[in-house]
1. To the nearest 0.05, what FRET efficiency results for S178 and A53 with a Förster distance of 30 Å applied to their C-beta separation?
2. Taking the 0 to 90 degree range and rounding to the nearest ten, how far is the long axis of helix 63-85 tilted relative to the main principal axis of the chain, both from C-alpha atoms?
3. When the chain is fully extended, how far beyond the present Cα-Cα distance does L44 get from E23, taking 0.36 nm per residue of separation?
4. Report relative contact order for the chain in percent, whole number only (criteria: Cα-Cα under 8 Å, sequence separation at least 6).
5. Work out the FRET efficiency for L119 and Q77 from their Cβ-Cβ distance, taking R0 = 30 Å, and round it to the nearest 0.05.
6. Give the shape of the chain as rounded, prolate or oblate, defined through the alpha-carbon gyration tensor: a ≥ b ≥ c are the square roots of its eigenvalues, a/c under 1.5 means rounded, and otherwise the shape is prolate if a/b is larger than b/c and oblate if not.
7. Subtracting the Cα-Cα distance from 0.36 nm times the residue separation, let me have the gained length for S94 to Q268 in nm, one decimal.
8. For region 11-60, just say rounded, prolate or oblate: build the C-alpha gyration tensor, square-root its eigenvalues into a ≥ b ≥ c, call rounded for a/c under 1.5, and beyond that prolate if a/b exceeds b/c, oblate if not.
Amino acid sequence: MGKPKDILYRTALDAAGALITTEQAAKGTVYSCPICQGDMIPRLGEKKRHHFAHKALAENCTPESVLHYSFKKLLAQKIQEHISSQEPLQISWSCHECLEDHTGNLVKKAARVEVEHNLGTCQPDIALLDASNRVVAVVEVVVTHEPEEKVLDYYEREKIGAVVFQLKSDEDLGRIASSMEPDRVYSCLNPTCKRCGGRTNKKDLHIIQSKCKWCQHTMLVAATLSKATMTGEFRPSDLEIAEAKGVRIGYWQSKQSGWFYPTSACPQCKGVVGLSWLWDDHVAFYLKLPREVVPAGHVCLGCKLDLNGTWPVRYKEKPGKPPTPPKLRAK
């Protein structure tokens, strides 16, 4: 990771030792540097972004180190305020495990926050601890150095959610007040599969108002959508919901495999929706067809089982009324 450019000193310590930003600074007042404690003067002109300037810059004091320190301190302060007031602190992220977008309360399990809490193996920038002093989440602030792989492995092994903010400019300090959107979060909110332990995806059942491909009669079409399932996969619970919503269930036979799959059927001509054209004719969002979306549990990314241990329904012979397949016991 390259060194960030164009970073200015945007924070300093006041006479009471409190960390302030340029927005809180007064002209003519001397402040001190959070890192080297040297005197700093606010530069609040109109030509350059407001910043602090050292009277005499110490050798090991850099804008990057001050940015890292300040973001860490101000964010920890905000987190503690939410813990004290019991107000949720929502963060949003794209999960690298299930590929879904998550939103969660960062302080849900936290009772207090510590900066540079020593975990032995590592020392995260910010640690959130529960009432029993167990670390439940950490925040890493990245300016020049990413967390080491062994540190991330430790967080995963100990089931500690890791939140990463990557800073590229002093203007990133504004992210603390304006939003809580980290660059990466090493945590997934979806449950794991009871059989293989893999991560699951949320699954939705779509009930779509469409037309029959064969007779053009209006009909309801059911489809399941998630990151892990194809639109033609149905579990017994999906079929129960679809039928309760008015979808007529028929059976489509794959010419390739010979298996029969439950699918939507036209109430007029009894024609069935083949899985090979289900998406293009009925499900694709660009068709702008009216639909109802019903949450339908979770399905495993790997073995395709849902949390009830059931597989997608299919039959070697065309059934009359589909029986309920047995559940697969978890290992």
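1. Calculated transfer efficiency: 0.70.
2. Once rounded, one gets 60 degrees.
3. Extending this stretch completely gives an extra 6.6 nm.
4. With pairs under 8 Å counted, the relative contact order is 13 percent.
5. 0.90
6. Prolate shape, in that a/c is at least 1.5 and a/b is the bigger ratio.
7. Using 0.36 nm per residue and subtracting the Cα-Cα distance, I get 58.3 nm.
8. oblate
Quick note: the coordinates plus some simple rules give every number you see, no bench work behind them. Just so we're clear, the structure is a prediction, and the values are computed from it rather than from any experiment. Every residue, glycine among them, receives a Cβ derived from its backbone with ideal geometry; neighbour counts consider all protein chains shown.
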